[in-house]
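What follows is a short report on a single structure.
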Amino acid sequence: MTPSELSLTAPLLGLFVLLGGCYGLFYGIGRLHRSRRLIVAAYLMYCLQALTTAVILSGTPLSPFWKVFIVLSGLSYLMVPPLTWRYLQSLHHFMETPQ
């Protein structure tokens, strides 16, 4: 990888992670405050992450292994916040029920 390729790839990978974090943050806060706007903003962040994934796949010299890893990571980012939210709800409900 040349320095110019690295200069493009590194920020794209950083943006990929940042957008995933924003998706999770907006999703969690949106669910906590029952804000449809924040939930929509969360999915917008995920869509931007998917676009970033497409740019990474088409415009960077990463090996096929890393490109597959990025795609699988992007798909897992989609599932983590809703699964985590459901788990926290069930845990909270369990803690509130008298035993």
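Values in this text are rule-based calculations from the coordinates and carry no lab data. Every value quoted in this text rests on a predicted model; they were computed, and no experiment measured them. Cβ placement follows ideal geometry from the backbone for every residue including glycine, while neighbour counts extend to all protein chains displayed.
Please identify the helices of the chain, taking whole runs of DSSP H, that span at least 27 Å along their own axis as judged from the Cα atoms and have a mean Kyte-Doolittle score of 1.0 or higher.
Membrane-span-like by this rule: 3-32, 36-59.
Which of these, 75, 88, 25, has the largest mean-square fluctuation under a Gaussian network model of the chain (Cα springs below 10 Å)?
Checking each option, the largest mean-square fluctuation is seen for 88.
Please compute one quarter of the surface area of the Cα convex hull for the stretch 10-96 and express it in square nanometres.
On the way: hull surface 24.4 nm².
Projected over every direction and averaged, the Cα hull of the stretch 10-96 covers 6.1 nm².
Using the beta-carbon distance between residue 84 and residue 13 and R0 = 22 Å, what value does 1/(1 + (r/R0)^6) give for FRET efficiency, to the nearest 0.05?
0.45
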